[in-house]
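The values are calculated or read from the model by the stated rules, or taken from the named source; none is laboratory data. From a predicted model like this one, the values you see are computed outputs, not experimental measurements. As a convention, Cβ positions derive from the backbone with ideal geometry for all residues, glycine included, and neighbour counts pool all protein chains shown. These accessible areas exclude ligands, DNA and RNA; they are computed on the full protein's heavy atoms, side chains included. Shrake-Rupley method; radii C 1.70, N 1.55, O 1.52, S 1.80 Å.
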Amino acid sequence: DFYSKANAPDKALEMIDSGIQKMPRNMKLRLALSYLQIAMRRHDSALETLNAALGLAKDDADPDLLKVKNQLARLHLSKGEIDKAKQYLDAVIAVSANDVDAQFTAGQIYLRQKDGLNAISAFRTVVVEKPDELKGHLLLAQAHLLQEEKQLAIDALTNGLTANPSAVELRKALARIHAFDKDDAEAEKQLRLIIGQRPKDPRVHSDLADFLFSRERVDEAIAIYKKMVAEQPR
């Protein structure tokens, strides 16, 4: 970990390889190796590492084995190999139905396939098991929008904000839905709440100004843009 954080991946690889030679059946080391290989964009090597780890566990419910299968699913999904990814996810969910990583990846697949119902089911499991998983709330809302369930999408984001009140990403998504729904008062409210959270972030001021400009409140928008330029002339 130290070598990885110190941007010395070759030394990190050397350390992990040394550990695997001493403890060839240690799955945690192989998982660590796969994470490093992925960070170095050596995806084929990571697949080899993970496939070699599959035969090391005797128990299908071994937590490390589940992590290996989840990592394999993510890798295959990144390569567009959805059927292979689903095989690993099904194997994980069969022994651990509420596995957050498996349900999250499965939900992403369902979204790609425009299968809103199954995506909703997967992401609901994610946010129930791990309410601080911000992307789970965002993608649950996206799945509801796919089903044209606008109010349920709003509810998903609101519930996410209850668990994570400082989550700007969730509040931005909520503002977008309200703006699309022509609920300008609520959209503006959310954008101003974000500014209250991040008063020095020019991007959130720009979001509000852009919104006001789109609603033909030109003078108000210009006032914000001028203030941004004055505070950050470069």
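One table, with the values for the structure above:
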quantity: Protein accessible area in the chain, 1.4 Å probe - carbon and sulfur %; calculated: 51
quantity: Nearby lysines by direct alpha-carbon distance to Lys22 (threshold 27 angstrom, same-chain neighbours under 8 apart not counted); calculated: Lys5, Lys11, Lys58, Lys67, Lys69
quantity: Neighbourhood net charge (12 Å Cβ-Cβ; Lys/Arg +1, Asp/Glu -1) for Lys150; calculated: -3
quantity: Per residue value of the accessible surface for the range 169-234 (all protein chains in place, 1.4 Å probe), Å²; calculated: 67
quantity: Zone residues, the range 178-193, relative to Val218, backbone N less than 12 Å from point 7 Å out along Cα-to-Cβ; calculated: none
quantity: C-alpha long axis of helix 134-146 to longest principal axis of the chain, angle in °; calculated: 70
quantity: Rotationally averaged projected area of the range 1-76 (alpha carbon convex hull; nm²); calculated: 4.8
quantity: Reachable aspartates and glutamates from Lys79, criterion Cα separation under 17 angstrom, eight or more residues apart if same chain; calculated: Asp44, Glu48
quantity: Pairwise Cα inverse-distance average, inverted: Kirkwood Rh of the range 189-234 (Å); calculated: 10.6
quantity: Over 26 Å (Cα to Cα) - which of Lys189/Lys226; Lys135/Lys189; Lys86/Lys150; Lys114/Lys150 fall in this group; calculated: Lys86/Lys150
quantity: Reach of Lys227 by Cα under 16 Å, taken over lysines that are not fewer than 8 positions away in the same chain; calculated: Lys200
quantity: Spatial extent of the chain: Rg and Dmax, with the Cα atoms as the point set, Å; calculated: 22.4, 69
quantity: The range 85-142: relative contact order in percent, alpha carbon pairs under 8 Å with at least 6 residues between; calculated: 28
quantity: Computed over the chain: relative contact order in percent, which uses C-alpha pairs under 8 Å that are six or more apart; calculated: 8
quantity: Rounded accessible area per residue of the range 17-102, 1.4 Å, Å²; calculated: 54
quantity: The chain: angle of helix 218-231 to the longest principal axis, Cα-based, in degrees nearest 10; calculated: 60
quantity: Evaluated over the range 107-216, the Cα radius of gyration and Dmax, each in Å; calculated: 14.3, 43
